[in-house]
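S.K.: Following this message is one structure expressed as structure tokens.
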Amino acid sequence: MYRTHTNGELRINAVDKEVVLSGWVQKVRDKGFMIWVDLRDRYGITQLIFDEERTSKEVMQAASELSREYVIRVTGTVIERESKNPQLPTGDIEILVKELTVLNRSKTPPFTIEDETDGGEDLRMKYRYLDIRRTPIRENLILRHQVSMEVRNYLSQKDFIEVETPYLIKSTPEGARDFVVPSRMNKGQFYALPQSPQTFKQLLMVGGMDKYFQIVRCFRDEDLRADRQPEFTQIDCEMAFVTQEDILNTFEGLTKHLLKAIKGVEVSEFPRMTYEDAMRLYGNDKPDIRFGMQFGELNEAAKHRDFNVFNQAELIIGIAVPNGNSFSRKEIDALINWVKRPQVGAMGMVYVRCNEDGTFKSSVDKFYQEEDFAKWAEITGAKPNDLILILSGDTHKVRPQMSALRMHLGAQLGLRKKDEFAPLWVVDFPLLEWDEETGRYYAMHHPFTAPKAESIQLLESNPGAVKANAYDLVLNGNEIGGGSIRIHDKETQSEIFKFLGFSPEEARKQFGFLMDAFEFGSPPHGGIAFGLDRLAAILGGQESIRDFIAFPKNNAGRDVMIDAPAPLDEEQLKELNLNLQIDEADSSIPRH
Ligand code: ASP
């Protein structure tokens, strides 16, 4: 027998019990006549004691040879500790060891396996299995498991059925590149891995499944972006015979349930904001509404004086930093430098100090009067002792710049509180998005999203103004879910494909199966998908998703532990009919 109890289990009421425990050696303190060992497993830590007077010589000897991360089994008696450790649930007791078996030895681990580790990111990823032994990572994975379980239970109770959809498919456009898999049996042909199960879940609606969900892996070959993973997990959902309102209510219910079950937090009805308002007030379609500093547009109040920078700007935005008048000149300069960094890209920043006595002091005193500043204060909501910060320029540049500054200040002023949860529905997204580079429109969500009936007639005359039945769920400044009501008739779908630049032949080739299905009684339907990795991270109070994934990839899309991706050998390439031109000089592909 390996164990009668786990290492997190024993309490004072177990004193005098004979127990068997197994686990990893976390720490050894050897005083010669007495040796203490912290024994660890998933459930906790229990202290072992080896005592010259009460433990046999052989066991004493074996204990003195233990080292970090050895795997051992011990038999012994639970005794009350002389000096208790209130930090540890098992801290009132220890095990007086009678027998010790070393089940496996360990090399010295490359980093310390404790809550705070000396291991850098790369090292931790290379030895991820050791990293997983650390409490923070283990707890993240357990939290993720709890989220999945709560999602499954909640949705099944609401009559959703989990259905698996295939991984070896054809391209589903979600705006990224596909990962492809060569087919050996169909030479020269490739599967694509799903960017999402979008078309399949729609076909399940045509198939009458009515309410579907799936906790499912999705694959997107995107360029390096911080905190993105080439494979990630969605809670993917679809419902038939629903309006946007039904979907928002259903998934508001799920999100409330998760916040309650996982965090014990009760939230009232989620606020809703149009995409337009989100952009106007926060410069961002996923605003963090845990704090204020909404944008005030100052065009009317700041143009037509002698200040050319503002006169030439398309948009002038100000925000009021609460109590910002206490910032020193140096601190303000640091903020100005911060917005001028290439990552943000502002040309400069104007500031107005709102003094206690109602007067103002600004960096543009030469050009403006007190009543101008009073007006700006009114528009930005600045009170005495606040600081107004102002950026100006092209709308599509100045909004993201100000948004970045607002988030920066939010973090700096401690306004982005970890244990506060502020969900928000962003609705009424545009159907289409203009791309400067290629000079054409793309679907903002995906090409299956239904336009709002009242704006579809603008498709030819003013495509940018067509609104979609699309929505995002935002939590603390992160998009945690997004979806839409779908097109469910062939005519509209063909029209949208055509508008997006698909020839009828291309549309047929890529999505013929869906168009065919729409001709066999497709019900009205819509859905949403949540990012499980991100949701778990936010519920765990963290920004990065990486430590909520057991075996994540690094920023270059590599798994540094198993060393993937890797070249194929020539044999395999031939079998797959992949006649790659390999440059002899820099080829790393082994040859036989
Ligand atoms: N398939 C969409 C996505 O991955 C979600 C949806 O529309 O339901 O973003």
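S.K.: Looking at N469, N385, can you tell me which residue is at pLDDT 95 or above, within 16 Å of the ligand (Cβ to nearest atom), in contact with a Gly (Cβ under 9 Å, 6 or more places away or on another chain) and polar (S, T, N, Q)? Give the steps one after another, and end with the answer.
M.R.: Values: N385 fails: within 16 Å of the ligand (Cβ to nearest atom).
Sole residue among the options that is at pLDDT 95 or above, within 16 Å of the ligand (Cβ to nearest atom), in contact with a Gly (Cβ under 9 Å, 6 or more places away or on another chain) and polar (S, T, N, Q): N469.
Here is a yes/no grid of residues against (1) under 24 Å from M149 (Cα atoms); (2) of a type in the set (G, A, S):
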residue: R184; (1), (2): no, no
residue: A192; (1), (2): no, yes
residue: S196; (1), (2): yes, yes
residue: G253; (1), (2): yes, yes
residue: R272; (1), (2): no, no
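S.K.: Might you let me know whether segment 362-382 holds any residue that is surrounded by fewer than 16 Cβ atoms within 10 Å (Cβ to Cβ), in contact with a Gly (Cβ under 7 Å, 6 or more places away or on another chain), in contact (Cβ under 8 Å) with a residue 12 or more places away in the chain and of a type outside the set (S, T, N, Q)?
M.R.: No, segment 362-382 has no match at all.
S.K.: Exactly one condition in (1) at pLDDT 95 or above; (2) out of contact with any Asp or Glu (no Cβ under 9 Å at 6 or more places or on another chain); (3) in a helix (DSSP H, G or I) is false for D122; which is it?
M.R.: Only one criterion is unmet by D122, namely (1).
S.K.: Can you tell me which residue is nearest to the ligand (Cβ to nearest atom) among those in segment 183-202 that are under 24 Å from the mean Cα position of the chain (by Cα) and assigned to a loop (DSSP other than H, G, I, E, B)?
M.R.: The residue in question is S196.
S.K.: Return a yes/no flag: does segment 37-45 have any residue that is in a loop (DSSP other than H, G, I, E, B) and either in contact with a Leu (Cβ under 8 Å, 6 or more places away or on another chain) or farther than 29 Å from N140 by Cα (or both). Before the answer, list the steps.
M.R.: Keep residues of segment 37-45 that are in a loop (DSSP other than H, G, I, E, B), which gives 42-43.
With the extra rule that they be either in contact with a Leu (Cβ under 8 Å, 6 or more places away or on another chain) or farther than 29 Å from N140 by Cα (or both), the set shrinks to none.
Within segment 37-45, not a single residue is in a loop (DSSP other than H, G, I, E, B) and either in contact with a Leu (Cβ under 8 Å, 6 or more places away or on another chain) or farther than 29 Å from N140 by Cα (or both).
S.K.: Looking for something out of contact with any Lys or Arg (no Cβ under 6 Å at 6 or more places or on another chain), in a loop (DSSP other than H, G, I, E, B), under 15 Å from D288 (Cα atoms) and not aliphatic (A, V, I, L, M) - is there at least one such residue anywhere in segment 397-414? Step through it out loud before you land on a result.
M.R.: We begin by selecting, within segment 397-414, every residue out of contact with any Lys or Arg (no Cβ under 6 Å at 6 or more places or on another chain); these are 397-409, 411-414.
Filter again for in a loop (DSSP other than H, G, I, E, B), leaving 413-414.
The next check asks that each one be under 15 Å from D288 (Cα atoms); those that pass are 413-414.
Checking which are not aliphatic (A, V, I, L, M) leaves us with 414.
The answer is yes, given that some residue of segment 397-414 is out of contact with any Lys or Arg (no Cβ under 6 Å at 6 or more places or on another chain), in a loop (DSSP other than H, G, I, E, B), under 15 Å from D288 (Cα atoms) and not aliphatic (A, V, I, L, M).
S.K.: Is it fair to say V15 is β-branched (V, I, T) and surrounded by fewer than 16 Cβ atoms within 10 Å (Cβ to Cβ)?
M.R.: On the way: β-branched (V, I, T): yes; surrounded by fewer than 16 Cβ atoms within 10 Å (Cβ to Cβ): yes.
Taking the combined requirement at face value, the residue satisfies it.
S.K.: Ok, one more. Look through D246, D223 and report the one residue that is charged (D, E, K, R), away from the ligand (no atom under 16 Å from the Cβ) and either closer than 25 Å to P430 by Cβ or modelled with pLDDT of 95 or more (or both). Before the answer, list the steps.
M.R.: Working: D246 fails: away from the ligand (no atom under 16 Å from the Cβ).
Checking each option against the conditions leaves just D223.
S.K.: Against the conditions (1) of a type outside the set (D, E, K, R); (2) closer than 30 Å to G526 by Cβ; (3) not in a loop (DSSP other than H, G, I, E, B), where does Y351 fall short? Just the number, please.
M.R.: The one condition Y351 does not meet is (2).
S.K.: A further question follows. Within segment 516-533, is there a residue that is in a loop (DSSP other than H, G, I, E, B), at pLDDT 95 or above and among the hydrophobic types (A, V, I, L, M, F, W, C)?
M.R.: Taking segment 516-533 and keeping what is in a loop (DSSP other than H, G, I, E, B), we get 519-524.
Imposing the further condition that a residue be at pLDDT 95 or above reduces the set to 519-524.
Subsequent filtering for residues that are among the hydrophobic types (A, V, I, L, M, F, W, C) retains 520.
Within segment 516-533, one or more residues are in a loop (DSSP other than H, G, I, E, B), at pLDDT 95 or above and among the hydrophobic types (A, V, I, L, M, F, W, C).
S.K.: Starting from residues that are away from the ligand (no atom under 13 Å from the Cβ) and touching a residue at least 40 places away in the same chain (Cβ under 8 Å), keep the ones in segment 172-182 and report whichever is farthest from L514 (Cα to Cα).
M.R.: P182
S.K.: Which numbered condition trips up E164, out of (1) closer than 17 Å to Q26 by Cα; (2) assigned to a loop (DSSP other than H, G, I, E, B); (3) in contact (Cβ under 8 Å) with a residue 24 or more places away in the chain?
M.R.: Evaluating E164 over (1) closer than 17 Å to Q26 by Cα; (2) assigned to a loop (DSSP other than H, G, I, E, B); (3) in contact (Cβ under 8 Å) with a residue 24 or more places away in the chain leaves (1) as the failure.
S.K.: For the structure I just gave you, tell me whether L391 is of a type in the set (A, V, I, L, M, F, W, C) and assigned to a strand (DSSP E or B). Before you say what the answer is, go through the steps one by one.
M.R.: Details: of a type in the set (A, V, I, L, M, F, W, C): yes; assigned to a strand (DSSP E or B): yes.
It is true that L391 is of a type in the set (A, V, I, L, M, F, W, C) and assigned to a strand (DSSP E or B).
S.K.: Would you mind telling me which numbered condition in (1) within 15 Å of the ligand (Cβ to nearest atom); (2) surrounded by fewer than 17 Cβ atoms within 10 Å (Cβ to Cβ); (3) modelled with pLDDT of 95 or more; (4) in a loop (DSSP other than H, G, I, E, B) R217 fails?
M.R.: (4)
S.K.: Out of all the residues in segment 487-496, is one or more closer than 18 Å to A278 by Cβ, modelled with pLDDT of 95 or more and either β-branched (V, I, T) or within 14 Å of the ligand (Cβ to nearest atom) (or both)? If you could, list the steps in order and put the result at the bottom.
M.R.: Quick first cut of segment 487-496, residues closer than 18 Å to A278 by Cβ only: none.
Within segment 487-496, none of the residues are closer than 18 Å to A278 by Cβ, modelled with pLDDT of 95 or more and either β-branched (V, I, T) or within 14 Å of the ligand (Cβ to nearest atom) (or both).
S.K.: Let me ask something else about it. Keeping to segment 534-545, report how many residues are in a loop (DSSP other than H, G, I, E, B) and either within 13 Å of F448 (Cβ to Cβ) or within 16 Å of the ligand (Cβ to nearest atom) (or both).
M.R.: Of all residues in segment 534-545, those in a loop (DSSP other than H, G, I, E, B) come to 540-545.
Next cut, either within 13 Å of F448 (Cβ to Cβ) or within 16 Å of the ligand (Cβ to nearest atom) (or both) only: 545.
Summing the residues that are in a loop (DSSP other than H, G, I, E, B) and either within 13 Å of F448 (Cβ to Cβ) or within 16 Å of the ligand (Cβ to nearest atom) (or both) in segment 534-545 gives 1.
S.K.: Also, quick follow-up: Answer with yes or no whether Y167 is more than 17 Å from the chain's Cα centre (by Cα), within 11 Å of the ligand (Cβ to nearest atom) and closer than 20 Å to H446 by Cα. Give the steps one after another, and end with the answer.
M.R.: On the way: more than 17 Å from the chain's Cα centre (by Cα): yes; within 11 Å of the ligand (Cβ to nearest atom): no; closer than 20 Å to H446 by Cα: yes.
Spelling it out, it is not the case that Y167 is more than 17 Å from the chain's Cα centre (by Cα), within 11 Å of the ligand (Cβ to nearest atom) and closer than 20 Å to H446 by Cα.
S.K.: Name the residues in segment 68-88 that are surrounded by 12 or more Cβ atoms within 10 Å (Cβ to Cβ), assigned to a loop (DSSP other than H, G, I, E, B) and polar (S, T, N, Q), would you?
M.R.: Within segment 68-88, just N85 meets the criteria.
S.K.: Also, I was wondering about something else. Give just the number: which of (1) in a loop (DSSP other than H, G, I, E, B); (2) within 16 Å of the ligand (Cβ to nearest atom) does E433 not satisfy?
M.R.: (1)
The values are calculated or read from the model by the stated rules, or taken from the named source; none is laboratory data. Everything quoted here is computed from the prediction, not taken from an experiment. Heads up, the Cβs are rebuilt from the backbone with ideal geometry, glycines too, and the neighbour counts pull from every protein chain shown.
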